[in-house]
Every structure is written in C-alpha cells, then in structure tokens.
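Contents: one structure, followed by commentary.
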Amino acid sequence: MNNQYSIKTNSKGRNILIVKGILPIDEICDIKAEDFDVIYVEDTNQSHFELSYQLQQMSPFHSLKCHLKPRFLSSSLENRTLNLKPLIDGFSTTIDDKNMCKKIEEIYNRLEMIEAFDIAEVKNNNYMYFLKLCKFAISRKMFTFTDSIEEAYAMGHTALYAAKKNNIPIKMNDDFFRFNHVLLELGYAKKKSFVERLHVCPHCMNSHLFYMESCPKCDSSNLKEEAVLHHFRCANISPESSYTYDGELRCPKCHHFLRHIGVDYDKPSNVYTCQECNHTFLHTDMKVYCSSCKKTHRPSELLAYDVYSYEYTPEGLLALSNNDAVISVSKDIWAGYSNFESFLSQIRLFSYSHEKSESIFINKFKIEGNDTTPQKIMQIVDDFQKRFYYNNISFKRNYIFMATKCPSELSEGLKRQIEEEHEEMLKIIELKHPEIIITEQDYLHQQAEEKIQTFIERINKTN
Ligand SMILES: [Zn+2]
Ligand SMILES: [Zn+2]
Ligand SMILES: [Zn+2]
C-alpha cells in the first residue's frame, strides 16, 4: 500500500500527500485528515477515466479527509484532465514549485474565513452538496457563476457541478436549478450579465441535440437531394435524374437533348426526394433528437434558454462562508414527508444554523394494533401531513415522527398549545382508524446545550 502514496513537506511547512495510484483515502486508517494539507497526483500513465476515478476518491465534497483541501496534478496530466479541470487547483512539475506553494497559501488564507461543515453528518442531501460546491468556489475566488450546466458555459460552482454531470440524475439537475434560484431569491446572488441564448430540449432541458432534415410527409431523414432542371424549349421542370438518358441529358417531356447550361436549360433550385415514401419537395422539415431523453421534437418546440452570469452578493458570500445559508436554503425542503434518513439529515442541517433563536420540537409515537402494515402507516402519515403541512414528517417501522420548528426559549404556554394541537389530531386518527392504537407517545425537544448527536440518538431510540 505504501507505494501508492507518500507524504512530503514543502518549503512553507505544508504536508503534501503525493498520490501514485488509486487511493481510497477515506478507507485507509494510516492516513489521517490532519496528516496532510494538500493533495498532489503524480502522472502514473493513468488514462482520463482512471484519473477521474482517482479524483473521486479524494473529492473535495464527499471525502471526509480531503474536504476543501487544495489539489494539484502533475503538469503532464493537464491534457488528460478534460472536464475535470474546474476541480483542480493547478498543475506543477514538482511539489516545491513556487506558484503551487503560493496558491496553497492563498487557498488556506481564504479557508480561514470559511466555516466547514461536518460533512460526515450531512452527505445525503442535494442542497447540502450544492452548498459545499459554493464553499469550494468561494475558497477558490470563483465569485461568479452561470445557470447553464453546459460545459462551455458553466462557470463558478456551476462548473464544479457540471464537471460530474454525466453521472448526475435529471432529478438532481432540477434541484440544482432550484438551488441557484433560491440563492437569487434570498439575495445571496444577483444577475451580472447575459452570456448566450441556447435552445434546449423542452422535455429534459438538455442541449445535446441532433438536428436532422426530414421528409415533410413521413418524417424520414432518408432523403436524396438533387438539382432541378428547367428546359427552356418546352418549359419542363423536373429533377435531374429524370433527364438522364444513356449518360446524357434528355428532356423527359420533349425528348430533346440538353447541351449547354444557360443556353438550353438552367438549374433554378435543388429538390429533395424521400427514399422512403418517394415524396418530392423543395424544403425539408427539421427534426431535433435529444441525446439525453431520446425524444424527437420540432425546432419550434425547443425552449430558448438565456444563460446569464450571476455574482454572489456580500451577504451571500458571508452566509455561504459561515453556515447561515444552510438553514435559509433548506427552508424550502423542510416541510412535508421525507424518508427517515433525510428526515434526520434535515434535523442535523437545522442544528448547523446560526439562528439559535429556533429549535426543533418532535412528536414521536408508535402505531400498534391489528393493522400496522407500511400501507396503513403511510395512510396515517398522510392524514397528519394534511393537518400539519408545515411539519417535517417521517416514519421508521411503525414509529411516526413529526418535527416542527419552534422558538428555542419555548414558553410553557406555547409548549402546551403545540401539544394540544397534536393530541387532538392523535384522537382523530384513532377514531378514523379503529384498527390501530397509538402508544409510546412522546415529545422531544432539543435542549439548549444538547449536542445534535445526542438529540438524534433520542429521536432514533425505538423499541
Ligand atoms: Zn417520406
Ligand atoms: Zn423539353
Ligand atoms: Zn431531452
């Protein structure tokens, strides 16, 4: 294993992890996060794909040990980097390269102003991932971004996102666009300038489109294009192929031979003949095939999409650097049903907030009785969701959890009020579903000094 990496110290006292192969850094116990400040990948003749895989193992967003750390590549790897370039801080021939040393210090200066999250806690959430991209972008002085994930037009944190877009599901793209929109709504970013107008697939918003000429009658693109000949003598107009006669040109109507263009005849235009249905026409239709969703559209159906560049505002820079943005952007995703894992993840996110004036209040109870199938539990969750639409609702086996935000200094009066609302609803549920009974009902409220992990353990505790 040791020949896969080594650690050396540069002239500024930074420890450089020199990577010589595929190194699953997070799984190697011998390498601790504090053992290295910088990552440097050597050229070991790896292909672009191997390099891509290597970089995944040391992701600035997903790897616990590599989070936000500077990453450099051997200069000779530059032309194999391709779409991964936005994820790289630079190239150098040696780890003592002056520019590399300087850049490392610059990044660390900026990182001092950035509050990292405990990424082990929050990796399961798209918005959290996007926030990590923003943090990385800010630490690299990328203050401008675009809203197009097309490699050619992607800038800033969008370029970081686009670097891996081939592996990204469409649903995540939707979330990403919404996230950028939320940044604007919150005043964290503002429009800077127009970049380009693109035409995208109306179905999936992708712009990897193939334009094909097609037959207006049957839509086939099996077309033959040829000149139309106009015979002056008899005024016949028909495709060139109808004039071919024994290697010469002879008019199909009056049977005279055609000798001189401009004198006997001319070629006023071209004509298309469909090889499938034999239809002849002057103007082809156009169809557009989307390489992403495999649907075919008319050009007029494509959506014009204006790409703009945006820049973070001073408030945005501050909120994205510390963790205030976490809660403001995740407000949108708070309410409603989520699976248990995301439910816990959202509660963790909340605890990263700087808005210490709010905390979380949870109503937790167990469903017992004759019918405790997942379908039944889901029905009950649904009933609660309609009544408490502003709550975050989830279930784990036959335990149901309903989380609501409340002031952290929860007065007895308000506490009573929340509890009464819930108790009333629990009674309604028991009346509506006589086959079940509600047991182990409990209210959980995060105490002022309680660590999030302790609170999560209390939520998680089921019999
Ligand atoms: Zn046709
Ligand atoms: Zn003729
Ligand atoms: Zn599409």
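Of the residues M205, M172, the single one that is within 16 Å of ligand 3 (Cβ to nearest atom), within 17 Å of the chain's Cα centre (by Cα), surrounded by 13 or more Cβ atoms within 10 Å (Cβ to Cβ) and at positive phi is M205. Cβ separations smaller than 6 Å between residues 6+ apart or across chains give no pair from the stretch 228-240 residues that are without any contact (Cβ under 8 Å) to a residue 12 or more places away in the chain and among the β-branched types (V, I, T) to residues that are in a strand (DSSP E or B) and near ligand 2 (Cβ under 10 Å from one of its atoms).
The set of residues in the stretch 345-376 being under 27 Å from Q417 (Cβ atoms) and modelled with pLDDT of 85 or more consists of I360, F361, I362, N363, K364, F365, K366, I367. Kindly provide the set of residues from the stretch 186-202 that are surrounded by 12 or more Cβ atoms within 10 Å (Cβ to Cβ) and more than 16 Å from ligand 3 (Cβ to nearest atom), ordered by number. The answer is L186, G187, Y188, A189, K190, K192, V195, E196. Any chance you could count how many residues in the stretch 213-265 are of a type outside the set (S, T, Y) and within 16 Å of ligand 1 (Cβ to nearest atom)? Total satisfying the criteria: 12.
Residues that are among the hydroxyl-bearing types (S, T, Y) and surrounded by fewer than 13 Cβ atoms within 10 Å (Cβ to Cβ) were ranked within the stretch 275-327; the one that is farthest from ligand 2 (Cβ to nearest atom) is S291.
If we scan the stretch 236-247, do we find a residue that is buried (at least 17 other Cβ atoms within 10 Å of the Cβ), within 16 Å of ligand 2 (Cβ to nearest atom) and part of a strand (DSSP E or B)? Yes, there is a match, as at least one residue in the stretch 236-247 is buried (at least 17 other Cβ atoms within 10 Å of the Cβ), within 16 Å of ligand 2 (Cβ to nearest atom) and part of a strand (DSSP E or B).
A single entry from T273, T296 fulfils the requirement of being within 16 Å of ligand 3 (Cβ to nearest atom), among the β-branched types (V, I, T) and not assigned by TED's automatic domain parsing to the domain that holds G156: T296.
The values are calculated or read from the model by the stated rules, or taken from the named source; none is laboratory data. All figures in this text were calculated on a predicted structure; none of them were measured in a lab. Every residue, glycine among them, receives a Cβ derived from its backbone with ideal geometry; neighbour counts consider all protein chains shown.
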